[in-house]
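Asks: Mind looking over this structure? Questions follow.
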Amino acid sequence: MRGEAQLELLLKKEKLSPRHHEIAGKVAKQKRISPEDGLFLFQHGDLAFVGALANVVRERLNGDNTYFNRNFHMEPTNLCVYDCKFCSYSRLIKQRDDADAWTYTMEDMLDIVRKYDGQPVTEVHIVGGVLPQYNLEFYQDLFKKIRAHRPELHIKALTPVEYHYIFKKGKVSYEEGMRLMLEAGLDSMPGGGAEIFHPDIRKQIAADKCTAEQWLEIHEIWHKLGKRSNATILYGHIEAFEHRIDHLEQLRQLQDRTGGFQTFIPLKFRNKDNQMSHIPEVSGIEDLRNYAISRIYLDNFAHIKSYWPMIGRTLAQMSLAFGVDDIDGTIDDTTKIYSMAGSEEQNPALSTQQLVELIRRVGRRAIERDTLYNILQDHTETKFEEDKQWRGYIDLPVVQS
Ligand code: SF4
């Protein structure tokens, strides 16, 4: 395997400390690393070292397979009763008349779904702001109507932030609420709203929404109903490495209990137009280190995803050598969350061909999946028409004479 050969070479060549060798030995022998090991990697693991370890784990779990799907997003509103300091996307209710605020009606949302009639999308991803009118009944109705219109479309919707709010307002327990969502047609839960679990940081950046314990509890209940979900972290702001490890450890423990998480998606803090804009963003190297250490630490998660609308296509492509085996989907310019936060991807949309070529160009296998990682098509041999509009990612240098 390439990853193991890469690691072997690195261990021979470099003057690494006994501690580096100890951790590398654990990974090579498929032993779990401890929180102290994880912290050591954040503090002393350079990109080459953690990348080589992560590649071993990635290739052990997924070989060269790199997954993507055909999906679109639906964001019912960007008005929100909460006021998370890092959020560039939301507007307060009193800003409802701002030009960049929106609230969709049920019909608007069904129109978005109908727009994809006849197109081979497999998933709708629904998240947005939290508002009183988008309550339990609204979402039950929405899921039922989507299900009736397009029974095979996978509904991946809402995070514990929304569920906590609507269940409390609807006076139902988390168990009862999640059962109602399941009956209405919810298929899986995305991973958002986790931010940073540690209370010292959470209370500074997202004080008023659901707590870490509530976030974890709602996922646990969902998993116990036999359903799947994803998990995230918001990194690269005021947190310390200790807080990242605490977050990963809590996820690893829950996954040991339920096995219900599919994918871990590190989300980068972007600093455009939010209350934390004075905080510089971390570098691309730190993004790659964070993917890699997440891959090494979360030994019970099958997949690590880099979300290309957030970090851009080039870094998403590079991340495939640093533990990542999934780059999300076609998106079709249906999300504003990261474009409003300053991502280079202002109108995120990639065709199947573009995603496949992006993956193939770094020597990985492009696998089209459904939301639950059933393989829909292995694109290793797929031939596409030449795309004359698309220049790919290789910009030729401009030579000045
Ligand atoms: S992060 Fe979510 S909950 Fe927080 S303000 Fe933004 S939309 Fe609202």
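Asks: Checking PHE143 against (1) under 30 Å from GLU368 (Cβ atoms); (2) at pLDDT 95 or above; (3) touching an Asp or Glu at 6+ places or on another chain (Cβ under 8 Å), which test does it fail?
Replies: It fails just one condition, (3).
Asks: Do we find a residue being without any contact (Cβ under 8 Å) to a residue 12 or more places away in the chain and in the same structural domain as GLY323 (by TED's automatic domain parsing) anywhere in the range 23-42?
Replies: no
Asks: Next question, about the same structure. Taking the criterion of being more than 19 Å from the chain's Cα centre (by Cα), among the hydroxyl-bearing types (Ser, Thr, Tyr) and either closer than 30 Å to SER306 by Cβ or more than 16 Å from the ligand (Cβ to nearest atom) (or both), would at least one residue in the range 94-103 satisfy it?
Replies: no
Asks: Further question on the same structure: All but one of (1) within 16 Å of the ligand (Cβ to nearest atom); (2) at pLDDT 95 or above; (3) assigned to a strand (DSSP E or B) hold for LYS156, so report the exception by its number.
Replies: (1)
Asks: State which residue is farthest from HIS243 (Cα to Cα) when the search covers only the range 175-229 and only residues that are of a type in the set (Lys, Arg) and within 16 Å of the ligand (Cβ to nearest atom).
Replies: Filtering the range 175-229 for residues that are of a type in the set (Lys, Arg) and within 16 Å of the ligand (Cβ to nearest atom), the one farthest from HIS243 (Cα to Cα) comes out as LYS209.
Asks: Filter the helices (runs of 4 or more DSSP H) completely within the range 8-80 down to those with at least 3 residues that are loosely packed, with under 14 Cβ neighbours inside 10 Å.
Replies: 18-28
Asks: Let me ask something additional. Which of the residues belonging to the range 53-93 are closer than 25 Å to ARG295 by Cα and β-branched (Val, Ile, Thr)?
Replies: VAL56, VAL57, THR66
Asks: Condition first: small (Gly, Ala, Ser) and modelled with pLDDT of 90 or more. Can you find one or more residues in the range 332-341 that meet it?
Replies: Checked the range 332-341: no residue is small (Gly, Ala, Ser) and modelled with pLDDT of 90 or more.
Asks: Also, I was wondering about something else. Scan the range 52-76 and report the pairs whose first residue is of a type in the set (A, V, I, L, M) and whose second residue is assigned to a strand (DSSP E or B), with Cβ atoms within less than 7 Å and a gap of 6+ or a chain change.
Replies: MET74/VAL124; MET74/ILE126
Asks: Does the range 62-79 contain any residue that is of a type in the set (A, V, I, L, M) and within 12 Å of the ligand (Cβ to nearest atom)?
Replies: Among the residues of the range 62-79, at least one is of a type in the set (A, V, I, L, M) and within 12 Å of the ligand (Cβ to nearest atom), which makes the answer yes.
Asks: Specify the residue that is surrounded by the fewest Cβ atoms within 10 Å (Cβ to Cβ); the eligible residues are those in the range 111-132 that are free of Cβ contacts under 8 Å to residues at least 60 places away in the same chain and within 16 Å of THR371 (Cα to Cα).
Replies: Once the filter is applied, the top-ranked residue is PRO120.
The values are calculated or read from the model by the stated rules, or taken from the named source; none is laboratory data. What you see is a predicted model; the values in this text were computed from it and never measured. Please note: Cβ atoms are built from the backbone with ideal geometry, for glycine as well, and neighbour counts cover all protein chains shown.
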